[in-house]
Amino acid sequence: MDLQALLDEIAVAVAPLAARGKVADYIPALAGVAPGRFGMALVTVDGELFGSGELHAAFSLQSVCKAFTLALVLAADGDVLFERVGREPSGNPFNSLVQLEYEHGVPRNPFINAGALVTVDRLLSTTGDAFGALRAFLRAESGSTSIDLDPVVAASEAEHGHRNAALAHFMASYGNLENPVDVVLDHYFRQCAIAMSCAELARAGLFLARHGERADGTALFSRSLAKRLNAILLTCGTYDAAGDFAYRVGLPGKSGVGGGILTVLPGRGCLAVWGPALDKTGNSVAGVEALDLFTTRTGWSIF
Ligand code: GLN
């Protein structure tokens, strides 16, 4: 199969779709990104790179980072995190407050915002510097030592982060945070503001396609934990659209409101896409379509 030709074809096919979505503007610093931009990168488990469009353009990871934060917590602690956060799809928007109240401060899964706050809180407890640990991991796995946050995005999110602050305070009232709310929020906002390209992101995710094996050949965690993390990515990684994403794309994946989506092709590699115009659930319109076309044409879904 000519993978390069396929990716080029897909980039052309999805270009008109940006008009159907809307760039996230609830974080004002994200609102200025042109909706029609698009990039796509496939990195195989042997490190070979294929790509189309703006595969080397950096974009704001936003919730995509949550896949990596969870990986680091699972690596440090095994799955004890699940005493404090569930692992069921939420069926609700990623920043919902209502569900958290019904469920007594225990978030439905680690990828909705409340669950990600608990996860970053745990990483803070195990490392003393959750953001620093995550950045170091992303740099090591991608081989790009300059990966960093965009301070303008981090400050913008902190300034407009009332909803995340409400989620964090609510969980603290149930004793479900180990660290002070303001410290947890600071690490959360900074991790979401990390900027990376599709090529870097796909490479950084390869441990997920290699059953836990890191770039340096060591094991981040067991094969069983890699399976578990991939399962949560499949069932919860695209919020209340996870069912539709599994139906259309059929891969474990994590999206973010910056327009990026990282997907895992177990045993084969990682495929990352970026298109900033989002659908109503906060997933990239062009990105989901590109992944749908890719797995339909290659047959490389997990099903
Ligand atoms: N930083 C964003 C927020 O907390 C992440 C949300 C997302 O990408 N879905 O709202």
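The values are calculated or read from the model by the stated rules, or taken from the named source; none is laboratory data. Not measured: the values here are computed from a predicted model. All Cβ positions, even for glycine, are placed from backbone atoms using ideal geometry, and neighbour counts span all protein chains on display. Accessible surface areas use protein heavy atoms only, side chains included; no ligands, DNA or RNA. Shrake-Rupley method; radii C 1.70, N 1.55, O 1.52, S 1.80 Å.
So that you can scan it fast, the table gives a plain yes or no per residue for (1) within 16 Å of the ligand (Cβ to nearest atom); (2) of a type in the set (A, V, I, L, M):
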{"residue": "PHE82", "(1), (2)": "no, no"}
{"residue": "ALA154", "(1), (2)": "yes, yes"}
{"residue": "ARG163", "(1), (2)": "yes, no"}
{"residue": "VAL181", "(1), (2)": "yes, yes"}
Only one of GLY212, GLY217 is more than 16 Å from the ligand (Cβ to nearest atom) and buried (at least 18 other Cβ atoms within 10 Å of the Cβ), namely GLY212
Would you check if there is a residue in region 124-133 being among the hydrophobic types (A, V, I, L, M, F, W, C), away from the ligand (no atom under 15 Å from the Cβ) and in contact with a Leu (Cβ under 8 Å, 6 or more places away or on another chain)?
-> yes
Any hit, region 278-288, residues being farther than 19 Å from GLY32 by Cα, buried (at least 18 other Cβ atoms within 10 Å of the Cβ) and either at pLDDT 95 or above or touching a Phe, Trp or Tyr at 6+ places or on another chain (Cβ under 6 Å) (or both) = yes
Away from the ligand (no atom under 16 Å from the Cβ), in contact with a Leu (Cβ under 8 Å, 6 or more places away or on another chain) and open to solvent by 60 Å² or more (accessible area, probe 1.4 Å): does that describe LEU72?
-> no
Determine the pairs where a residue that is more than 12 Å from ALA195 (Cα to Cα), located within region 56-71, has a partner that is of a type in the set (D, E, K, R) and surrounded by 24 or more Cβ atoms within 10 Å (Cβ to Cβ) with Cβ atoms under 6 Å apart, the partner being 6 or more residues away or on another chain.
-> ALA67/LYS254
Scanning region 220-258 for residues that are basic (Lys, Arg) and away from the ligand (no atom under 16 Å from the Cβ), which turns out least open to solvent (accessible area, probe 1.4 Å)?
-> ARG248
Log entry, pairs with first residue in region 152-164 being under 14 Å from GLY32 (Cα atoms) and modelled with pLDDT under 95, second being open to solvent by 10 Å² or more (accessible area, probe 1.4 Å) and near the ligand (Cβ under 9 Å from one of its atoms), beta carbons closer than 6 Å, six or more apart or on different chains, reads none
Check on ALA172, free of Cβ contacts under 8 Å to residues at least 60 places away in the same chain, touching a Phe, Trp or Tyr at 6+ places or on another chain (Cβ under 8 Å) and over 26 Å from LEU271 (Cα atoms) = no
Working carefully through the options VAL106, VAL120, find the one that is open to solvent by less than 10 Å² (accessible area, probe 1.4 Å) and either modelled with pLDDT of 95 or more or assigned to a helix (DSSP H, G or I) (or both).
-> VAL120
Qualifying residue in region 43-55 (condition: within 16 Å of the ligand (Cβ to nearest atom), open to solvent by 50 Å² or more (accessible area, probe 1.4 Å), in a loop (DSSP other than H, G, I, E, B) and in contact (Cβ under 8 Å) with a residue 60 or more places away in the chain) | no
Do you know which residues across region 147-173 are under 16 Å from ALA116 (Cα atoms) and open to solvent by 90 Å² or more (accessible area, probe 1.4 Å)?
-> HIS162, ARG163, HIS169
